[in-house]
Amino acid sequence: MMETEQSVFMTDPKKSDYFYNEAMKTLRTNIQFAGRDVRTILVTSCFPNEGKSDVTFQLAREIGKMGKRVLFLDADIRKSTFLSRYQVKKITGGLSQYLSGQREVEEICYRTNYENVDIIFAGVIAPNPSELLEDPYFASLLGGMRKRYDYILIDTPPIGSLIDAAIIGKFCDGAILVLESERVSYRMAQKAKEQLEMADCRVIGAVLNKVDISRERYYGKYYGKYKYYNYYSSEKR
């Protein structure tokens, strides 16, 4: 694997929020205690627009601040909106082009303007995403990147409606579920967890996102009785 010489400038659209930033630090700390072998982590959700991509990227930034090298891998080669959300311009290629043989790895990996954080974008929309992700080239890519980075965070499509996260889970050390408060039922969360575990991917925790802080105590009591895994709350945004 060659060191990337490409770089991009990214503009974070999310306003600075004390509670959200503290929640990200808590999440970062808990991941450290998940075990030294938990280094390649996928992040998924049950439905679109639960805040999964923002949580994944903010987590990458927090880990980078500790001096750890982090790769953010956008694996949503069906319908990624990451480029427009972070106002990224002038990239030569992404994951879909690499998996289809159109680009080499050094052409798709970029340095960002955030400390110790590199990124691989999803690339152009692919007509056969599941087949590309099952290709040995994807496993080979992750194997090579594990030698270069302390952590690899993989942003995947929602597992509630697509199989991509389960396919990727076979190559990961663990998974995090992002669940939107008041939107995801206990049954749906359990189904997502079971799908990941069927792919031999251990769910190491969950993030309860878009929580209304004014009602936080109520939700802590409500969800607590269902014995959800580990929840990290962020203020509604």
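The values are calculated or read from the model by the stated rules, or taken from the named source; none is laboratory data. This structure is a prediction, so every number in the text was calculated from the model and none was measured. So basically every Cβ, Gly included, is an ideal-geometry build from the backbone, and we count neighbours across all protein chains shown.
General remarks:
- Within region 100-135, tally of residues that are within 18 Å of ILE154 (Cβ to Cβ), of a type outside the set (Asp, Glu), out of contact with any strand residue (DSSP E or B) (no Cβ under 7 Å at 6 or more places or on another chain) and free of Cβ contacts under 8 Å to residues at least 40 places away in the same chain: 1
- Condition check for GLU62: among the acidic types (Asp, Glu), farther than 24 Å from ARG148 by Cα and surrounded by 17 or more Cβ atoms within 10 Å (Cβ to Cβ): no
- Taken over region 57-94, the residue count meeting the criterion of being touching a helix residue (DSSP H, G or I) at 6+ places or on another chain (Cβ under 7 Å) and either without any contact (Cβ under 8 Å) to a residue 12 or more places away in the chain or in a loop (DSSP other than H, G, I, E, B) (or both) is 5.
- Among residues of region 19-30 that are in a helix (DSSP H, G or I), those with a beta-carbon under 7 Å from a residue that is buried (at least 21 other Cβ atoms within 10 Å of the Cβ) and among the aromatic types (Phe, Trp, Tyr) at least six positions away or on a different chain give the pairs ALA23/TYR232; THR26/TYR232; LEU27/TYR232.
- Checking TYR151 against (1) in contact (Cβ under 8 Å) with a residue 60 or more places away in the chain; (2) under 18 Å from ASP200 (Cα atoms); (3) not β-branched (Val, Ile, Thr), the condition it does not meet: (2)
To keep it simple, each residue is scored yes or no on (1) farther than 20 Å from LEU59 by Cβ; (2) modelled with pLDDT of 90 or more.
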| site | (1), (2) |
| --- | --- |
| PRO158 | no, yes |
| LEU162 | yes, no |
| ALA166 | yes, yes |
| LEU177 | no, yes |
| ILE204 | no, yes |
| ASN209 | no, no |
| GLY224 | yes, no |
| ASN230 | no, no |
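- Where a residue in region 177-206 is under 16 Å from GLU50 (Cα atoms) and its partner, wherever it lies, is surrounded by 14 or more Cβ atoms within 10 Å (Cβ to Cβ) and basic (Lys, Arg), with Cβ under 6 Å and at least six apart: VAL178/LYS52; GLU180/LYS210; SER181/LYS210
- Any hit, region 17-29, residues being surrounded by fewer than 18 Cβ atoms within 10 Å (Cβ to Cβ), within 21 Å of TYR86 (Cα to Cα) and not acidic (Asp, Glu): yes
- Residue within region 66-74 that is surrounded by fewer than 17 Cβ atoms within 10 Å (Cβ to Cβ), out of contact with any Ser or Thr (no Cβ under 9 Å at 6 or more places or on another chain) and closer than 30 Å to ARG187 by Cβ present: no
- From the options ASP54, ASP17, ASP37, residue that is modelled with pLDDT under 85 and of a type outside the set (A, V, I, L, M): ASP17
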